[in-house]
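Below is a structure I'd like to ask you about.
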Amino acid sequence: MKDHRRQLENVSRRLFFRQGLSLGALTMLTGCNLQDDTAVDRALWAMSRWNDRVQAFLFDPHRLAPTFRLDDITDPFPFNAFYAEDSVPDIDLSDYRLTVSGRVDNKAAWRLEDLRRLPQAAQITQHICIEGWSAIGQWSGVPLGLFLQRIGADLTANYVGFKCADRYYSSIDMPSALHPQTILALDFRNDPLPLKYGSPVKLRIPTKLGFKNPKHIVEIFVTNDYPGGYWEDQGYNWFSGL
Ligand SMILES: Nc1nc2c(c(=O)[nH]1)N[C@H]1C(S)=C(S)[C@@H](COP(=O)(O)O)O[C@H]1N2
Ligand SMILES: [Mo]
């Protein structure tokens, strides 16, 4: 009972940290017997997916995330991953190819030079990690919306998914993918992304929490089938908009 209670409190905090729904309200809403693991689990997952739909409905594709000045940049910028910094994948840039798949017309792979030849956008924005820290950084790269147009993506599809060199993966909704501040970042502070910050390509999406910013991207796919994500599949809310 105690364990269930803690598990419930953690998940309800994650799901409702902004709305402030209490554990009492959650148990009343779900009508769950707190000792029934699978019923609690099913109810929480259903609520999280419902929370995704509400956030998607409330998302304003024209509202911009706050931007900052050069001297606001956090130095040193923090590193974070599901492993320690000495395990960051070592990627050979000359061999690197970005694969595209799913609901796209042009499935040719992209070399870094090809990506750099596309129009670039820059931003100084805040990265907020669910673990309780935030930092301001500067990134530039190809707007994801522009990239999706170039590959002839089905822009009416529901999801854009990302696979990473370190087996991390994530996915976002199409309106967030087309948001003007969502970029395939190639540079950090005007230099090619250092390995620890996601070389050679990371998603920079300042309208979402930090874990929705996959680093070391090797494949982008467009789909109508819910792809989940590394943390999302462990209970973190999928939409995670700010
Ligand atoms: N490939 C990959 N991307 C990832 C992660 C990871 O473990 N692997 N961690 C995520 C989390 S939780 C955070 S907070 C940010 C950290 O990015 P940073 O190292 O540039 O600060 O990367 C996100 N993207
Ligand atoms: Mo994070």
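The values are calculated or read from the model by the stated rules, or taken from the named source; none is laboratory data. Quick caveat: nothing in here was measured; it's all calculated off a predicted structure. Here the Cβ is made from the backbone with ideal geometry for all residues, glycine too, and neighbour counts use every protein chain on show. When the accessible area is computed, the model is the full protein with side chains, heavy atoms only, and any ligands, DNA or RNA have been set aside. Shrake-Rupley method; radii C 1.70, N 1.55, O 1.52, S 1.80 Å.
Kindly indicate the residue of segment 187-200 that is open to solvent by 20 Å² or more (accessible area, probe 1.4 Å) and part of a loop (DSSP other than H, G, I, E, B) and also farthest from L64 (Cα to Cα) among those meeting that condition.
Selected residue: P194.
Taking the options F79, F162, name whichever one is modelled with pLDDT of 95 or more, in contact with a Leu (Cβ under 8 Å, 6 or more places away or on another chain), within 16 Å of ligand 2 (Cβ to nearest atom) and open to solvent by less than 70 Å² (accessible area, probe 1.4 Å).
Unique residue meeting the criteria: F162.
Same structure again: Going by the structure shown, is L186 in contact (Cβ under 8 Å) with a residue 24 or more places away in the chain, within 13 Å of ligand 2 (Cβ to nearest atom) and among the aliphatic types (A, V, I, L, M)?
Spelling it out, it is not the case that L186 is in contact (Cβ under 8 Å) with a residue 24 or more places away in the chain, within 13 Å of ligand 2 (Cβ to nearest atom) and among the aliphatic types (A, V, I, L, M).
Considering only segment 76-177, give the helices (runs of 4 or more DSSP H) lying wholly within it that have at least 3 residues that are without any contact (Cβ under 8 Å) to a residue 60 or more places away in the chain.
Helices (runs of 4 or more DSSP H) meeting the threshold: 144-150.
Still on this structure, I have one more. Filter segment 110-160 for residues that are charged (D, E, K, R) and more than 16 Å from the chain's Cα centre (by Cα) and give the result.
The answer is R111, E113, D114, R116, R117, R150, D154.
Continuing with this model, one more query. For residues in segment 24-61 being assigned to a loop (DSSP other than H, G, I, E, B) and modelled with pLDDT of 95 or more, which is surrounded by the fewest Cβ atoms within 10 Å (Cβ to Cβ)?
Taking the candidates together, the pick is D60.
Follow-up. Within segment 110-130, track down each residue that is in contact with a Leu (Cβ under 8 Å, 6 or more places away or on another chain), more than 16 Å from ligand 1 (Cβ to nearest atom) and either over 24 Å from L155 (Cα atoms) or open to solvent by less than 50 Å² (accessible area, probe 1.4 Å) (or both).
Within segment 110-130, W110, L112, L115, L118 qualify.
Is there any pair with a first residue in segment 40-53 that is in contact (Cβ under 8 Å) with a residue 40 or more places away in the chain and a second that is surrounded by 13 or more Cβ atoms within 10 Å (Cβ to Cβ) and assigned to a helix (DSSP H, G or I) whose Cβ atoms are under 6 Å apart and which are 6 or more apart or on different chains, and what are they?
If the second residue must be surrounded by 13 or more Cβ atoms within 10 Å (Cβ to Cβ) and assigned to a helix (DSSP H, G or I), the pairs left are L44/V11; S48/L15; N51/L15.
Moving on. Do we have L209 as touching a Pro at 6+ places or on another chain (Cβ under 9 Å), outside the structural domain of V54 (by TED's automatic domain parsing) and among the hydrophobic types (A, V, I, L, M, F, W, C) here?
Here the answer is no, as L209 does not meet what is asked.
If only one of L184, L209, L203 is modelled with pLDDT of 95 or more, within 9 Å of ligand 1 (Cβ to nearest atom) and crowded, with 23+ Cβ neighbours inside 10 Å, which one is it?
L203
Follow-up question, since we're still on this one. Within segment 218-229, does at least one residue satisfy the condition of being within 23 Å of Q120 (Cα to Cα), within 15 Å of ligand 1 (Cβ to nearest atom) and open to solvent by less than 10 Å² (accessible area, probe 1.4 Å)?
Checking segment 218-229: at least one residue is within 23 Å of Q120 (Cα to Cα), within 15 Å of ligand 1 (Cβ to nearest atom) and open to solvent by less than 10 Å² (accessible area, probe 1.4 Å).
Mind listing whichever residues of segment 82-106 are surrounded by 15 or more Cβ atoms within 10 Å (Cβ to Cβ) and under 18 Å from the mean Cα position of the chain (by Cα)?
L98, V100
Specify the residue that is nearest to Y169 (Cα to Cα); the eligible residues are those in segment 230-242 that are within 12 Å of ligand 1 (Cβ to nearest atom) and of a type in the set (F, W, Y).
This residue is Y230.
Turning to a different aspect of this structure: What's the total number of residues in segment 131-144 that are more than 16 Å from ligand 2 (Cβ to nearest atom) and either outside the structural domain of A81 (by TED's automatic domain parsing) or open to solvent by 10 Å² or more (accessible area, probe 1.4 Å) (or both)?
The total comes to 3.
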